[in-house]
Amino acid sequence: MSLLSYNELCELVERGVITDVPHEHINAASIDVCLGSEVLIERASGCRVVLRDRDNLQMEDFTLQDDGYLLMPGEFILAHTVEKFNLPNDICAEFKLKSSGARIGLNNVLATWCDAGWHGSVLTLELQNVTRHHRIMLHAGDRIGQMLFYRVTPVPADRSYAVRGRYNNDPGVQQAKTNPDGGQH
C-alpha cells in the first residue's frame, strides 16, 4: 500500500475519483474536503440504544444556513462532505480532521476508512465537540478535513466495496443501514 502524492492526487481529481475539488484543495499528500449543508442532530428522546441490536440514534434533519450551526460542548452530530467519491478497486482512502478543527475541540469520533470500490457517495462524518465550555460554529463549506489516498493491489471484483458495500450511491448524510438479515453494517 502506498500513499498517493500531489501529481497522483491531481490525476484522481481529473479522473473523477473525487469530485467538486478546487485545485487549491490538493495538497502534497492529501485533498482538503469541505463540510456539506446537511446534518443530523442527536435529539434527547429518553430512548436507549442497544449495541447488540445496532439501534440508530434519534436524529433530526437540519440544513446549515448562512448563520451555521452551533455545536454545543459534548454534542454529537452526523454531517457529510461536499465532495463525492468514486474509488476504483485499487484505491482506498482515509479521512483525517484538519488540525485547526482539532485544536478548537472538534473531533471526528468514529469511522474514517473508505474501502476500494466505494462509489457515488459523499462521506458521512461523525462530529463531536469535545470541549467542556466552548461552542463551535460550523458552516457549510468549511474545510473540515483531508482525505489521504492509498494505492493497493486491485481488489477482486467480488470482494470490492462496489459489490459488498452498504453505503454506495449515498448523496447525503447517512445513519447506519440495516442488513437484510436484520443486523447493521
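With respect to the stated conditions, Gly141 fails to be farther than 22 Å from Val21 by Cα, among the small types (Gly, Ala, Ser) and surrounded by fewer than 18 Cβ atoms within 10 Å (Cβ to Cβ). The test for being under 22 Å from Gly145 (Cβ atoms), buried (at least 17 other Cβ atoms within 10 Å of the Cβ) and not basic (Lys, Arg) holds for Leu87. Across the stretch 109-138, the qualifying residues are those that are under 12 Å from the mean Cα position of the chain (by Cα) and among the hydroxyl-bearing types (Ser, Thr, Tyr), and the one among them that is surrounded by the fewest Cβ atoms within 10 Å (Cβ to Cβ) is Thr112.
Starting from residues that are among the aliphatic types (A, V, I, L, M) and exposed (fewer than 15 other Cβ atoms within 10 Å of the Cβ), keep the ones in the stretch 151-173 and report whichever is nearest to Asn7 (Cα to Cα). Among those that are among the aliphatic types (A, V, I, L, M) and exposed (fewer than 15 other Cβ atoms within 10 Å of the Cβ), it is Val152.
When both residues are 6+ apart or on different chains and their Cβ atoms are under 8 Å apart, which pairs have a first residue that lies in the stretch 2-14 and is in contact (Cβ under 8 Å) with a residue 60 or more places away in the chain and surrounded by 14 or more Cβ atoms within 10 Å (Cβ to Cβ), and a second that is in a helix (DSSP H, G or I) and not small (Gly, Ala, Ser)? The qualifying pairs are Leu4/Leu12. Taking the stretch 82-162 as the region of interest, the strands (runs of 3 or more DSSP E) fully inside it that hold 2 or more residues being small (Gly, Ala, Ser) are 119-129. Total residues in the stretch 69-84 satisfying the condition of being at pLDDT 95 or above and of a type in the set (Phe, Trp, Tyr): the figure is 1. Quick check, is Leu97 within 11 Å of the chain's Cα centre (by Cα) and either surrounded by fewer than 19 Cβ atoms within 10 Å (Cβ to Cβ) or without any contact (Cβ under 8 Å) to a residue 12 or more places away in the chain (or both)? Yes: the conditions hold for Leu97.
The values are calculated or read from the model by the stated rules, or taken from the named source; none is laboratory data. Remember, predicted model here, so these are calculated numbers, not experimental data. Here the Cβ is made from the backbone with ideal geometry for all residues, glycine too, and neighbour counts use every protein chain on show.
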